[in-house]
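**Student:** Let me give you the structure first, and then I'll get to my questions.
The values are calculated or read from the model by the stated rules, or taken from the named source; none is laboratory data. This is a predicted model, so every value here is computed, not measured. Methodologically, a virtual Cβ is constructed for each residue, glycine included, from the backbone with ideal geometry; neighbour enumeration extends over all protein chains shown.
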Amino acid sequence: MLKNNIEVDVKVKCIEAGKTQTQLAETIGTTGQYVNRIIKKGDGVMNKTFVQMLDALGYDIELHYVKKEEV
């Protein structure tokens, strides 16, 4: 189960950085429409654009794998 909500995470990071999605798109050399599509997808996809967006907002990405607890 994915615990992070990428859509919410990126929106919050934009607000914290005082940037709109359009400004973020300009920073990484793409369109606001494409950034919005990546954010809306919000299904845990981590592609080059997602990495660039978080980098432009001043964040590194760390992946942690946690063994599921048996129910």
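**Student:** Could you list all residues from the range 53-71 that are in contact with a Leu (Cβ under 7 Å, 6 or more places away or on another chain) and exposed (fewer than 10 other Cβ atoms within 10 Å of the Cβ)?
**Tutor:** Of everything in the range 53-71, just one residue is in contact with a Leu (Cβ under 7 Å, 6 or more places away or on another chain) and exposed (fewer than 10 other Cβ atoms within 10 Å of the Cβ), namely Ile61.
**Student:** For the range 34-57, which positions are assigned to a helix (DSSP H, G or I), modelled with pLDDT under 80 and charged (D, E, K, R)?
**Tutor:** Once the filter is applied, which keeps residues that are assigned to a helix (DSSP H, G or I), modelled with pLDDT under 80 and charged (D, E, K, R), the range 34-57 yields Lys40, Lys41.
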